Amino acid sequence: DEPATDEEADIDKVYRFRDAILAGADALGVEDKRELVELFLTRATDRDAADEPARAVPRKAFDELVEQLGADPKETSVDWIVGHFKVGEAEAIDVLGLLDYLQLTPEAEEQSVLAHLHDRLCDGATRAGVTTKEELCAWLIRAEDARTEAGGVDAAKLAPLAKNLADMVAAGVTPEGDAVPAANFWAAVAALDPELADGTEDGRARRLVESAYGDDGETVDAAHLLHDLRLWPGVEEAEHWNQLADELRSKLCSGAAEKDIETKEALCALFADADGHPKKLEAKAFVEICRDSLGVDLEGKEDDADDDEAPLVSFVKCFASDEDAGLVDVGELLWKLLLWPGAEEEHRSLVAGRALRQDLLTAAEESGLETVGDLCAAVVGRCKAAAEGDAPADEASDKAAAPLGVVLHVLREDFRVSGAEDLAMYVGHFASPPEGATEASDAADDVVDLEKLLQHLELYDHDADGSEEEGDSDEDEDEDDEGATADEDAEDAEDADA
């Protein structure tokens with residue numbers, strides 16, 4: 001049938017172009033989406049412009065490849081689609097953007113399969129009488145504790161499990177046992193959608209779960225899977241919260257720019273007292289300051305919105321406390337929006353820390369380091385070895401420390417840690433100037449306390465110091481324990497007196 005509307009006609013053009021690429025790739029012996037992406041990227045060139053993708057394919061080379069795949073690059077519909085991905089004055093094509101739009105990259109295909117899996121699980125849950133996300137998650141993780149004798153869902157048994165899960169998530173606790181035995185997980189799925197469980201429906205969903213969330217067929221990381229499916233309690237709510245935060249931040253920054261307010265300090269001064277401390281205000285007062293001083297309206301609502309209160313006003317009220325008579329803690333609000341001075345830098349530093357930890361764990365796994373102690377010893381050992389020529393002998397041999405420049409070099413070169421400015425900012429928190437340093441001293445010479453750095457990353461092992469020497473003797477440990485106990489007893493006595 002002919003498409004009924006212009007929108008349907010556009011969608012039809014996209015699918016016909018996609019199908020042509022797939023058919024041509026199959027004829028060329030391309031086996032999967034990853035090989036297809038590589039086929040395009042082999043013709044790509046590097047680009048230096050900050051507002052352009054790092055690599056793009058010159059239009060002539062792109063047209064030649066499209067012809068090899070059996071499509072006509074000059075066809076009106078193809079040229080219309082490709083035209084949305086032109087970059088630069090000299091025509092080139094952002095092929096990664098195009099292939100992602102056509103769902104021809106591994107990542108796009110995975111998202112498509114996850115969306116399909118999400119819908120099938122939700123439909124199956126509805127048929128089985130599972131009514132909330134908490135109940136669905138509890139069922140997939142602990143179905144063995146909530147079955148009827150016939151193997152179906154026992155609502156009476158499932159309800160307390162779902163409530164317990166919701167309470168734990170609200171408290172920031174990850175439930176134990178979220179790696180579910182694979183047989184139990186697929187039996188739970190079968191109770192909701194038998195075809196999804198045995199793979200007869202499509203097969204892609206089961207293969208994705210087994211490859212990305214499984215452990216050699218033994219277990220399934222159900223919590224991680226449910227999180228990626230946006231079924232885990234709080235995930236969608238957190239996304240909505242962050243969207244509102246981004247919207248409010250954008251409005252405040254745009255309003256400040258229109259009023260020629262050029263710094264965060266000047267913007268925050270609108271909400272601070274004479275001493276520069278953030279005020280605690282009624283939500284209405286905050287809204288009025290935004291309107292009168294910045295020309296920003298926070299009370300606007302969508303035309304079809306059913307809520308009595310504007311979403312941004314509701315968001316602001318989330319920072320009100322009963323302890324403060326319902327006043328909004330403006331300092332906490334502006335800190336959350338990364339507008340209070342120092343907030344953005346701290347946020348970037350924390351993100352860099354999390355990325356550093358993950359990169360180190362990945363490097364340890366690739367290098368065959370089996371324990372946190374092995375990783376800790378490798379980091380400390382390599383940093384100290386690289387610094388031996390610069391640091392004093394006693395520090396190089398006895399203390400887990402090295403110059404900042406050396407540590408950053410080792411992390412990037414030996415452990416393939418990504419990041420530059422933010423990584424240096426994070427690691428720099430654990431550095432201090434060496435003895436005898438002057439104001440003119442290079443920050444790269446500041447000494448990083450590797451023990452504190454690794455402790456903050458939760459990767460420190462007291463038995464791993466990068467050397468062959470043993471740690472403190474048992475006698476020293478006993479003395480330390482006795483001293484600590486005596487100190488604790490003295491503190492308890494002081495507390496009792498108080």
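The values are calculated or read from the model by the stated rules, or taken from the named source; none is laboratory data. Bear in mind the structure is a predicted one, so any value in this text is a computation, not a measurement. All Cβ positions, glycine included, derive from the backbone under ideal geometry; neighbour counts span all protein chains shown. We work out accessible area using only protein heavy atoms, side chains counted, and drop any ligands, DNA or RNA first. Shrake-Rupley method; radii C 1.70, N 1.55, O 1.52, S 1.80 Å.
Within the range 349-359, the only residue that satisfies the criterion of being under 18 Å from residue 376 (Cβ atoms) and touching a helix residue (DSSP H, G or I) at 6+ places or on another chain (Cβ under 6 Å) is 353.
Going by the structure shown, is residue 109 more than 30 Å from residue 35 (Cα to Cα), among the acidic types (Asp, Glu), open to solvent by 20 Å² or more (accessible area, probe 1.4 Å) and out of contact with any Cys (no Cβ under 8 Å at 6 or more places or on another chain)? So residue 109 does not fit the description; no.
Within the range 322-343, being closer than 18 Å to residue 245 by Cβ and without any contact (Cβ under 8 Å) to a residue 12 or more places away in the chain holds for 335, 342, 343. Scanning the range 192-218 for residues that are without any contact (Cβ under 8 Å) to a residue 24 or more places away in the chain and either assigned to a loop (DSSP other than H, G, I, E, B) or within 20 Å of residue 125 (Cα to Cα) (or both) turns up 194, 195, 197, 198, 199, 200, 203, 206, 213, 216.
Modelled with pLDDT under 90 and surrounded by 12 or more Cβ atoms within 10 Å (Cβ to Cβ): does that describe residue 52? Yes: the conditions hold for residue 52.
Being open to solvent by 80 Å² or more (accessible area, probe 1.4 Å) and at pLDDT below 90: is that true of residue 119 here?
Details: open to solvent by 80 Å² or more (accessible area, probe 1.4 Å): yes; at pLDDT below 90: no.
The answer is no for residue 119.
Comparison of 144, 134 shows that the only residue that is in contact (Cβ under 8 Å) with a residue 60 or more places away in the chain, open to solvent by 40 Å² or more (accessible area, probe 1.4 Å) and of a type in the set (Asp, Glu) is 134. Please determine, by comparing only the residues of the range 348-379 that are of a type in the set (D, E, K, R) and in a helix (DSSP H, G or I), which one is nearest to residue 422 (Cα to Cα). Applying the filter and picking the extreme gives 348. Residues that are in contact with a helix residue (DSSP H, G or I) (Cβ under 7 Å, 6 or more places away or on another chain), of a type in the set (D, E, K, R) and in a helix (DSSP H, G or I) within the range 219-252 comprise 228, 247, listed in sequence order. Considering the conditions (1) part of a loop (DSSP other than H, G, I, E, B); (2) more than 30 Å from residue 309 (Cβ to Cβ); (3) touching a residue at least 60 places away in the same chain (Cβ under 8 Å), residue 189 is excluded by exactly one of them, (1). Check whether at least one residue in the range 224-237 is basic (Lys, Arg), touching a residue at least 12 places away in the same chain (Cβ under 8 Å) and within 30 Å of residue 185 (Cα to Cα), and report yes or no. The answer is yes; a qualifying residue exists.
Taken residue by residue, the range 88-101 has no member that is among the aliphatic types (A, V, I, L, M) and touching an Asp or Glu at 6+ places or on another chain (Cβ under 8 Å). Residues in the range 177-203 that are modelled with pLDDT under 85 and either more than 20 Å from residue 228 (Cβ to Cβ) or touching a helix residue (DSSP H, G or I) at 6+ places or on another chain (Cβ under 6 Å) (or both): 5 in all.
Looking only at residues that are hydroxyl-bearing (Ser, Thr, Tyr) and more than 20 Å from residue 250 (Cα to Cα) in the range 303-361, which one is surrounded by the most Cβ atoms within 10 Å (Cβ to Cβ)? Checking each candidate, the answer is 349. For residue 135, are the conditions met, namely being at pLDDT 90 or above, closer than 20 Å to residue 16 by Cβ and either hydrophobic (A, V, I, L, M, F, W, C) or assigned to a helix (DSSP H, G or I) (or both)? For residue 135, the condition - at pLDDT 90 or above, closer than 20 Å to residue 16 by Cβ and either hydrophobic (A, V, I, L, M, F, W, C) or assigned to a helix (DSSP H, G or I) (or both) - is not met.
The numbered conditions (1) in a helix (DSSP H, G or I); (2) within 22 Å of residue 116 (Cα to Cα) are all true for residue 160 except (2). Could you pull out the residue among 219, 200 that is open to solvent by 60 Å² or more (accessible area, probe 1.4 Å) and either among the polar types (S, T, N, Q) or more than 30 Å from residue 115 (Cβ to Cβ) (or both)? Exactly one residue qualifies, and that residue is 200. If you check residue 382 against the conditions, is it on the phi < 0 side of the Ramachandran plot and either assigned to a loop (DSSP other than H, G, I, E, B) or surrounded by fewer than 18 Cβ atoms within 10 Å (Cβ to Cβ) (or both)? No, not satisfied.
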